[in-house]
1. Inside the stretch 7-37, can you point out the residues that are closer than 24 Å to K96 by Cβ and free of Cβ contacts under 8 Å to residues at least 12 places away in the same chain?
2. So N126 ticks every box in (1) touching a residue at least 60 places away in the same chain (Cβ under 8 Å); (2) among the polar types (S, T, N, Q); (3) farther than 17 Å from N19 by Cα but one. Which box is left unticked?
3. Being loosely packed, with under 13 Cβ neighbours inside 10 Å and not in a loop (DSSP other than H, G, I, E, B) is the filter here; which residues of the stretch 51-70 pass it?
4. Among the numbered conditions (1) outside any loop (DSSP other than H, G, I, E, B); (2) within 25 Å of N34 (Cα to Cα), tell me where E147 comes up short.
5. Given the options A106, A11, A25, A40, name the one that is surrounded by fewer than 16 Cβ atoms within 10 Å (Cβ to Cβ) and part of a helix (DSSP H, G or I).
6. If we keep just the residues of the stretch 118-131 that are touching a helix residue (DSSP H, G or I) at 6+ places or on another chain (Cβ under 8 Å) and at pLDDT 95 or above, which is surrounded by the most Cβ atoms within 10 Å (Cβ to Cβ)?
7. Answer with yes or no whether R3 is over 17 Å from I122 (Cα atoms), at pLDDT 95 or above and not hydrophobic (A, V, I, L, M, F, W, C).
8. Since L52 meets every condition but one in (1) in contact with a Leu (Cβ under 8 Å, 6 or more places away or on another chain); (2) without any contact (Cβ under 8 Å) to a residue 40 or more places away in the chain; (3) over 16 Å from I2 (Cα atoms), which condition does it not meet?
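The values are calculated or read from the model by the stated rules, or taken from the named source; none is laboratory data. What you are looking at is a predicted structure, and each value in this text was computed from that prediction instead of being measured. Reconstructed Cβ throughout: ideal geometry from the backbone, glycine too, with neighbour counts over all protein chains shown.
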Amino acid sequence: MIRNVQQQDLAECVEVIRNSFQTVADELGFTVENAPRFTAFATTEERLNWHLNGEHRPIFAYCDGDAIVGYYSLLLQDNNQCELNNLAVLPAYRHKGIGEALLQHAYKTAKALGCNKINIGIVEENQVLRKWYESLGFVHLGTKKFEHFPFTCGFMEKPL
């Protein structure tokens, strides 16, 4: 079941995001020392609180019973577009269609909010993830290297 995230869910959402992104960090050798701003290390309850209450982002959780096992948020942009952030599924729940269900939910939510396109940033070196997004209709736009990351950021979009 996918539902709106509430204030009392934020701590559990932080754990879902951190644990989910930690697998990428482990695979690609990211650490808190060489990538302190990577999602697995930089996500905090305060940050999610700002997303929910400061930016008023639509934030959703995929639940297995009472447990949150998946997550995403949308950052609404001025140009009738939105950015998909922190799509995450706990490792034990992967390959069960949860990520795709969250993505389909994000499409519907974005359309209902008047968005005509979804943008996403990924770790470019994570080719499995890039191919997954491409298989679901995202188009790769290019890359950018930032000094504060030991990886290249890839940018993708999907018209809605």
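1. Once the filter is applied, which keeps residues that are closer than 24 Å to K96 by Cβ and free of Cβ contacts under 8 Å to residues at least 12 places away in the same chain, the stretch 7-37 yields E15, D26.
2. Only one criterion is unmet by N126, namely (3).
3. Of everything in the stretch 51-70, those that are loosely packed, with under 13 Cβ neighbours inside 10 Å and not in a loop (DSSP other than H, G, I, E, B) turn out to be N53, G54, A67.
4. E147 satisfies all of (1) outside any loop (DSSP other than H, G, I, E, B); (2) within 25 Å of N34 (Cα to Cα) except (1).
5. Checking each option against the conditions leaves just A11.
6. So, considering only residues that are touching a helix residue (DSSP H, G or I) at 6+ places or on another chain (Cβ under 8 Å) and at pLDDT 95 or above, the one surrounded by the most Cβ atoms within 10 Å (Cβ to Cβ) is I118.
7. yes
8. (2)
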